[in-house]
Amino acid sequence: MMPSRGARLVVAAAVLALVACAKKDASDRAVVHFWQFWDLAVIQPLVDEFEAQNPEVDVVVEQLTWATGLEKIQAALASGTQPDLCELGSTWLPRFSYEGVLEDLTTVYEAERDSFLMWESALWNGRAYGLPWVQGSRVLFVNRALFRRAGLDPDRPPQTWDELLTASQKIGELGTGIYGFGQNIGERYVLYKKFMAFAWGNGGDVFDESGTVVLNSPAVLEALEFYLKLAPFSLQEKQEVLDQYFKTGRLGMQVSGAWNLKNYKLEAPDLDYSVALVPKPSADHGSHASFAGAEMLVVFKASKHKDAAVALARFLQAYPQAKKLSIAAGSVFPADRAAMNDSDFTNDPRVRVFVEQSLTSRTTPAHPGWIEMEEAIDRAVEESLYGRRAPRWCLDDAAKEVQEIAARFPKK
């Protein structure tokens, strides 16, 4: 039996009232769009925890990829569709700081500066535009079985450049298809991280304190000339290939990141390997320097929900959440200094080396032109490795190119 017209009107009015209430409730809630690079299985539990503690906020998470993420963020900014909160690699952040599209987070920085590593990348003209979240350095991976076969002591990994060169040569002489050391080529965002560890360890840099380009200094040239000495005993390939050779027992040593701790446990559980600090120039000179990158959390200036976005950023950055993410991911460590004394990160000898290395690691210069600058460094190192030109001329050209790039970004 059909309801009467009057009954239908009452039902319709009730439905409209419910819809209106729903719309009002929805409008009262802040919807924070969060773009980030982690698998949703890793990040979603943390977001759910935040939403439970902040029922007035809804978080919409989108997963980016490292291959296309930067371009997608830049395109979103150009079209005005950028998210509220975003994860940025530390080498990307300076460009966005320079362009003035990020919210100033200096107040948070002043409250947290002593508790976190990796602030260097977040600072521009004395102001902070990002919050360090998690970080990861690079260490020396050592195949202990190949060390023994080459007559080397697996319990004493190379501490100096000479020891690294000797070990690489002896392992390289074991036979066809076995290499002493791994050198990256033909891959964006990778090679300069490996080479600059040696340059920094030798006292070299890209800029000096006054902002002068010093990429072709004697210290950097000496590091490059040493790096070339490793070439005859090295496998020169992309990172994925180097990792494959190492886990199958055909590569003696490589400088790599903590993601391999997880990968080798899953893919090569019987692999006999250890990790050590990146060797320094000599026993009485230089330091065990390395590259460390950080994942930074930024709030875009155009966000309509800045307070909620900053609250989410600080929640994720806080040690309990950063620790959960780090353990779940198995490839990074909290930027919070509390990790340095946490037994979950210091009991395992391999993990402890990463924690120790992070204290002497460096991040790249906080310059808005860095993305182009790193490509100039990569070209200089690759041309030297290929023997196309002398290292000195390669560095001279790279230094000139870096200077030209820097000139395109006058101080604002």
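No lab work stands behind these numbers, since they all come straight from the coordinates. Being a predicted model, the structure only gives us computed values, none of them experimental. Quick reminder, even Gly has a Cβ in these numbers, built from the backbone with ideal geometry, and neighbours come from all protein chains shown.
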### Query
Hey, with R₀ at 56 Å, roughly what FRET efficiency would residue 156 and residue 28 work out to, going by the Cβ-Cβ distance, to 0.05?
0.30
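Under the Kirkwood approximation for Rh and a Cα-based Rg, what ratio Rg/Rh is obtained for the stretch 289-348? Write out the running numbers ahead of the final one.
Working: Rg = 13.9 Å, Rh = 13.1 Å.
When Rh is taken as the Kirkwood radius, the ratio is 1.06.
Where does the stretch 38-153 land on Rg(C-alpha)/(2.2 N^0.38 Å)? Walk me through the numbers before you get to the answer.
Numbers: Rg = 19.2 Å, N = 116, 2.2 N^0.38 = 13.4 Å.
So the stretch 38-153 has a normalised radius of gyration of 1.43.
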### Message
Out of all DSSP beta bridges in the chain, what portion is antiparallel? Express it as a percent rounded to 5.
### Response
60 percent
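Subtract the Cα-Cα distance of residue 285 and residue 412 from 0.36 nm times their separation in residues, and report this length gain in nm to one decimal. Please list the in-between numbers first.
Numbers: separation 127, 0.36 × 127 = 45.72 nm, distance 3.88 nm.
Stretched out fully, the residue 285 to residue 412 stretch lengthens by 41.8 nm.
Loop only per DSSP, at most 13 neighbouring Cβ atoms within 10 Å: give me the GluC sites (Glu not before Pro) in the stretch 103-186, ordered by residue number. Before the final figure, lay out each step's value.
Values: sites: 103, 110, 112, 120, 163, 173; in loops: 103, 173.
When the GluC sites (Glu not before Pro) of the stretch 103-186 are filtered for loop state and at most 13 Cβ neighbours within 10 Å, 173 remain.
Taking a cut-off of 17 Å, what percent of all Cα-Cα pairs in the stretch 125-191 are separated by more than that? Intermediate results must be reported in sequence, preceding the final value.
Working: 1244 of 2211 pairs.
Here the long-distance tail beyond 17 Å is 56 percent of all Cα pairs in the stretch 125-191.
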### Summary
With a 23 Å threshold on alpha-carbon distance, the violating pairs from 306/411; 194/400; 301/324 are 306/411; 301/324
### Task
With a cut-off of 16 Å, note down the residues of the stretch 92-119 whose backbone N falls inside the zone around a label point 7 Å from the Cα of residue 340 toward its beta carbon.
112-119
### Task
Report the percentage of all Cα-Cα pairs in the stretch 192-300 whose separation exceeds 21 Å, rounded to a whole percent.
48 percent
### Task
Report, to the nearest 10°, how far helix 5-28 tilts away from the longest principal axis of the Cα atoms in the chain, using its own Cα long axis and a range of 0 to 90°.
40 degrees
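For each of 332, 134, count neighbouring Cβ atoms within 10 Å of the residue's Cβ, then give the residues from fewest to most. Could you put the intermediate results ahead of the total?
Values: 332 23, 134 26.
Lowest to highest Cβ neighbour count: 332, 134.
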#### Entry: Charge dipole (debye, nearest 20) of the stretch 179-223; +1 at Cβ of Lys and Arg, -1 at Cβ of Asp and Glu
260 debye
### Message
Just to check, using Stokes-Einstein with a Kirkwood Rh over alpha carbon pairs, what's the diffusion coefficient of the chain at 4 °C and 1.567 mPa s in µm²/s?
### Response
56 µm²/s
### Message
So if I place +1 on the C-beta of Lys and Arg and -1 on the C-beta of Asp and Glu, and nothing else carries charge, what would the dipole magnitude of the stretch 290-412 be about its Cα centre? I want it in debye, nearest 20.
### Response
480 debye
### Query
Which of the aspartates and glutamates could a cross-linker bridge to residue 262, judged by Cα under 18 Å and excluding same-chain residues fewer than eight apart?
39, 240, 243, 270, 272, 344, 348
### Query
Do you know the relative contact order of the stretch 39-196, to the nearest whole percent, from alpha carbon pairs under 8 angstrom that are 6+ apart?
10 percent
### Task
May I have the pair-distance distribution P(r) for the stretch 113-244, computed from all Cα-Cα distances with 5 Å bins from 0 and rounded to whole percent?
2, 9, 15, 17, 17, 15, 10, 8, 4, 2, 1
### Summary
About its Cα centre, the chain carries a charge dipole, from +1 on Lys and Arg Cβ atoms and -1 on Asp and Glu Cβ atoms, whose size in debye to the nearest 20 is 640 debye
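Report, in deg cm²/dmol and to the nearest 500, the calculated mean residue ellipticity at 222 nm for the chain, where each DSSP H run with n ≥ 4 adds -39500 (n - 2.57) and the sum is divided by the residue count.
Working: 17 runs with 193 residues, N = 412.
So the helix-based figure for the chain works out to -14500 deg cm²/dmol.
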### Task
Report the residue, chosen from 259, 200, 66, that carries the largest GNM mean-square fluctuation when the chain is represented by alpha-carbon nodes joined by springs under 10 Å.
66
